[in-house]
Amino acid sequence: MTLEIGTPSRARVVQIVRAEGRLRVRIDGASRPVDAVRVGGGAWSLLIGHPVARSYEVAIAESAPGELVVYVRGRLVPVTVGGRFRLRRRGATAAGAPSGPQRIVAPMSGRVINVLVKAGDAVEARQGLVVVEAMKMENELRAIHAGTVREVRVAEGASVEAGTVLVVIE
Amino acid sequence: MRVIRACRDMGLASVAVYSECDRGARHVRLADEAFAIGPSAPTDSYLRIDRLIDAARTSGADAVHPGYGFLAENEVFAAACRDAGLTFIGPAPEVIALMGSKTSARHAAMAAGVPVVPGTAQPFAPDAPEAAIADEAARLGYPVLIKAVAGGGGKGMRLVAAPGDLASATRAARSEAGAAFGDAAIYLERRLARPRHVEVQLLGDLHGTVQPFVERECSIQRRHQKVIEETPSPVVSAELRARITSAAAAVARSVGYSSAGTIEFLLDEDGRFYFLEMNTRLQVEHPITELVTGVDLVEWQIRIARGDRLDLDPAVALTPRGHAIECRIYAEDPDAGFMPSPGRITAIGAPAGPFVRDDSGAEAGSDVPIFYDPMISKLSAWGADRRQAIGRMQRALGEYDVRGIRTTVPFFRWMLAEPSFEAAAFHTSTLDELLQQRQGESFSTPNEEEEEVAAIAAALHEDASRAGRVLLDPAARWVRQDPPYVAPRGGWKRQARVEALRS
């Protein structure tokens, strides 16, 4: 089976070959034997290479259809599987051109402490919009791009759930 | 859990209290008895003095240890324990009140002949006019720090660089202080240039003996909150140690201090130190002092409360044996401005092995609630010297594997390898400056090798799931629950294989 796997820096073509009950993986043109066994805590132990094998502990979770997060030795690597990968360049959201209205959502449940903008205000990129308190800390939510506030959907003192749209910016 | 463990070491029974969301928490399961004290919000449970006293009475407990959060520095709670005939494991309520007010604590330090950071002599009441605050700020000179009189942990604290920012910073500090401590009174302090935060742990008994310990260095702070502590301080000489620990002991003696406490100082670039404040409780960073002295501070708190005499050898307390470092690991996403990351921990692999101590209540399947401080572990490492301690901490951080939520582990892996940390060339603003320079750059960027392994693992997973096998983490909440599709014709063989693989 040949798959296209998107990793943060680039897409990689990975081919899996089974022969005589053994597993070989060809990646970036190099072919190596892989041994995978299930270990505790829902993780897998991979031994890559033969006779000298590099040892890795990995765990895999599906974050969305076609998207996985792979923990490699405790480090989180987001990957996409199959032709659907989108190469997300680092910092693209901050530097790229704005596309469509920005919806500023509450990243967690909490209480709105302060609303710093009102509809019609012009805002700069990274300007503070709303202060939400959760877990005893105040967190300022900021604009991603410059724009104009179209809508403020919360008032000070309101309790919000994670994912609630607080401010819409055009 | 730290207190329950000390009780068990001493053969004492322990009683835990819990709020609704903590019913399944480890401290509840570890204790001999446990009492529900109300809903999850702290104001309805952990801050309810009446319910805590009731629980203590019902259980027949002799003494109450207030821990290091919530009511640990609350004189009303300490007095309520005393009035109920319970031994409060901490200083007397009058001493908590005296040292808990930042302004009266400064007076106490001055009276003991210890220098203080120049600042307001009297606190500003919540309704003090802005003009009076502005006059005082101008007298001290900018930049000034606004601090909550009842404050601690960086809450209710604001740095003001210029007069124009004073009014809004005052409002913010008052609102945060009012919410966190129920007291919106504030005071001002001059901001020293590039100071270090050096603090002295001490123990006092009920017979007038006060024993200071080797200093801790806590300058690695993010927005005035300590994130890494170490002991001894890499910049404190034996001569300075003798002076700063004597100064701390003098302040504690002058107020009749008993139990564990910590006096915090700012140390300027010329080696002059200034009294900052006193924490009248056990501190989060106490394990590193225990690691370099071999003294169990919680056991001593209990013994002191029982009336035992503090008979520690001063040389043991003041001579560091090796070096220890602690990282406060939080359920926060360092790649999203350290935003809290509550949720369910799907899997956790905690570090262990030689000279590593992990004080943690987190476990697989447990939730990090939104209601409390999101600290999940106090990870400490010991070495014969600083370099070895750093190496062991890096090893321990490399082993720390938390899934389901984001943690600050990736941040610590970066921080411990930072040249300024390795060189111990830092002050209390160094971390904030370093973070600003990074401009939000990710701490979790995988290297080529990790990406390649992730790609191989993902391909194997995809291959296996198409073949009807599952390589997913079964604890993860996003695991597909549907059984794999099985072709109707000739499918029995494959079905058998699926079941064999799952069992």
On the basis of being touching a residue at least 40 places away in the same chain (Cβ under 8 Å) and surrounded by fewer than 17 Cβ atoms within 10 Å (Cβ to Cβ), does B:Asp313 make the cut?
no
For B:Val114, which of the numbered conditions (1) within 27 Å of B:Asp50 (Cβ to Cβ); (2) modelled with pLDDT of 95 or more; (3) out of contact with any Gly (no Cβ under 8 Å at 6 or more places or on another chain); (4) part of a loop (DSSP other than H, G, I, E, B) fails to hold?
(1)
Test set (1) in a strand (DSSP E or B); (2) out of contact with any Phe, Trp or Tyr (no Cβ under 9 Å at 6 or more places or on another chain); (3) modelled with pLDDT of 95 or more - B:Tyr257 fails condition number:
(1)
Conditions: (1) more than 29 Å from B:Leu166 (Cα to Cα); (2) modelled with pLDDT under 95; (3) of a type outside the set (Asp, Glu). B:Gly119 meets all but one. Number of the miss?
(1)
Enumeration of residues in the stretch B:375-429 that are within 30 Å of A:Ser63 (Cβ to Cβ), more than 10 Å from chain A (Cβ to nearest Cβ), of a type outside the set (A, V, I, L, M) and assigned to a helix (DSSP H, G or I)
B:Gln394, B:Arg395, B:Phe411, B:Phe412, B:Trp414
Between a residue in the stretch B:132-153 that is without any contact (Cβ under 8 Å) to a residue 40 or more places away in the chain and any residue that is assigned to a helix (DSSP H, G or I) and among the hydrophobic types (A, V, I, L, M, F, W, C), which pairs come within a Cβ distance under 6 Å, given they are 6 or more apart or on different chains?
B:Ala134/B:Leu166
Do we find that A:Val17 is β-branched (Val, Ile, Thr), within 9 Å of chain B (Cβ to nearest Cβ) and either within 17 Å of A:Val58 (Cα to Cα) or surrounded by fewer than 16 Cβ atoms within 10 Å (Cβ to Cβ) (or both) in this structure?
no
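Looking at A:Val52, is it β-branched (Val, Ile, Thr) and at pLDDT 90 or above?
yes
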Would you mind telling me which numbered condition in (1) crowded, with 20+ Cβ neighbours inside 10 Å; (2) under 22 Å from the mean Cα position of the chain (by Cα); (3) of a type outside the set (A, V, I, L, M, F, W, C) B:Ser14 fails?
(2)
If B:Ser444 meets every condition in (1) more than 10 Å from chain A (Cβ to nearest Cβ); (2) in contact (Cβ under 8 Å) with a residue 60 or more places away in the chain; (3) among the small types (Gly, Ala, Ser) apart from one, which number is that one?
(1)
Name every residue in the stretch A:115-167 that is in a strand (DSSP E or B), of a type in the set (Lys, Arg) and closer than 18 Å to B:Asp333 by Cα, in order of residue number.
A:Arg142
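Which residue out of B:Ala41, B:Ala63, B:Ala78 is out of contact with any Asp or Glu (no Cβ under 6 Å at 6 or more places or on another chain) and modelled with pLDDT under 95? Write out each step before concluding.
Numbers: B:Ala63 fails: modelled with pLDDT under 95; B:Ala78 fails: modelled with pLDDT under 95.
Result of the check over B:Ala41, B:Ala63, B:Ala78: B:Ala41.
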Quick check on this structure: which one of B:Gly164, B:Gly208 is out of contact with any Asp or Glu (no Cβ under 6 Å at 6 or more places or on another chain) and in a loop (DSSP other than H, G, I, E, B)?
B:Gly208
From the set of residues in the stretch A:27-37 that are out of contact with any Ser or Thr (no Cβ under 8 Å at 6 or more places or on another chain) and within 10 Å of another protein chain (Cβ to nearest Cβ), which is surrounded by the fewest Cβ atoms within 10 Å (Cβ to Cβ)?
A:Ala30
The one condition in (1) hydroxyl-bearing (Ser, Thr, Tyr); (2) closer than 30 Å to B:Gln225 by Cα; (3) modelled with pLDDT of 85 or more; (4) out of contact with any Asp or Glu (no Cβ under 8 Å at 6 or more places or on another chain) that A:Tyr71 fails to fulfil
(4)
Please go through the stretch A:139-153 and pick out each residue that is over 20 Å from the mean Cα position of the chain (by Cα) and surrounded by fewer than 19 Cβ atoms within 10 Å (Cβ to Cβ).
A:Glu140, A:Ala146, A:Thr148, A:Arg150, A:Glu151, A:Arg153
Given the criteria modelled with pLDDT of 95 or more and either under 15 Å from B:Gly204 (Cβ atoms) or part of a loop (DSSP other than H, G, I, E, B) (or both), does B:Asp270 qualify?
no
Please work out which residue is surrounded by the fewest Cβ atoms within 10 Å (Cβ to Cβ), limiting yourself to the stretch A:38-62 and to residues that are more than 8 Å from chain B (Cβ to nearest Cβ) and closer than 25 Å to B:Arg406 by Cα.
A:Gly40
Looking at (1) out of contact with any helix residue (DSSP H, G or I) (no Cβ under 7 Å at 6 or more places or on another chain); (2) among the hydrophobic types (A, V, I, L, M, F, W, C); (3) closer than 14 Å to B:Val227 by Cβ, can you tell me which one B:Ala350 breaks?
(3)
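The values are calculated or read from the model by the stated rules, or taken from the named source; none is laboratory data. Predicted model only: the values in this text are computed from it and were never measured. As a convention, Cβ positions derive from the backbone with ideal geometry for all residues, glycine included, and neighbour counts pool all protein chains shown.
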